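Take a look at the structure set out below.
The values are calculated or read from the model by the stated rules, or taken from the named source; none is laboratory data. This one's a predicted model, so the numbers in the text were calculated from it and none came from an experiment. Please note: Cβ atoms are built from the backbone with ideal geometry, for glycine as well, and neighbour counts cover all protein chains shown.
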Amino acid sequence: MPAATLNFSAPINVSCQVGDIVYYVSTTASGGFDVNSGNIIEIGEIREIQNATTTNPAIIANTNLGYAELNGLTDKFILFSKNNKANLSSPLGYYASVKMTNNDSAAAGELYSVGVDTFISSK
């Protein structure tokens, strides 16, 4: 798969990591601010980050964009999002026990819902 190298002149956000998705959006000046002036375009998945904490870091991302689309990225706003496959959060633990009782034997009890979130964390 083709790769795009994005060079920066300031350190990259510390939460940016391999596997995140990098995007760009065009900007224009309006009222002293840079505002987005187009659609957010996906560049691709980050496969390598070089010199992240220096003043000349680089992100290498897998991409399907062509040369013409990538050549003008110097005046674009670059952003990233976390990969949900690797960064989902859920309760951690190994064991749970629940006991449900109705202490009023003369009245019927109603149970509306019981839920659980489980996944295999190791084998």
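Pairing residues of the range 73-97 that are surrounded by 10 or more Cβ atoms within 10 Å (Cβ to Cβ) and part of a strand (DSSP E or B) with residues that are of a type in the set (A, V, I, L, M) and modelled with pLDDT of 65 or more, at Cβ distances under 6 Å and at least 6 apart in sequence or on separate chains, gives F77/V25; F80/V22; S81/I21. When A96, A68 are checked against the criterion of being under 17 Å from A3 (Cβ atoms) and at pLDDT below 80, A68 stands alone in meeting it.
When the range 30-69 is limited to residues that are touching a residue at least 40 places away in the same chain (Cβ under 8 Å) and either in contact with a Lys or Arg (Cβ under 8 Å, 6 or more places away or on another chain) or farther than 18 Å from I12 by Cβ (or both), the one that is surrounded by the most Cβ atoms within 10 Å (Cβ to Cβ) turns out to be A61. Of all residues in the range 2-11, none are under 20 Å from N71 (Cα atoms) and in contact with a Cys (Cβ under 9 Å, 6 or more places away or on another chain).
Number of residues in the range 45-72 that are in a loop (DSSP other than H, G, I, E, B) and aromatic (F, W, Y) equals 0.
For (1) modelled with pLDDT under 90; (2) farther than 17 Å from F80 by Cα, each residue gets a yes or a no:
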residue: V22; (1), (2): no, no
residue: T27; (1), (2): yes, no
residue: D34; (1), (2): yes, yes
residue: G44; (1), (2): no, no
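Scanning the range 1-29 for residues that are assigned to a strand (DSSP E or B), loosely packed, with under 13 Cβ neighbours inside 10 Å and among the β-branched types (V, I, T) yields T5, T28.
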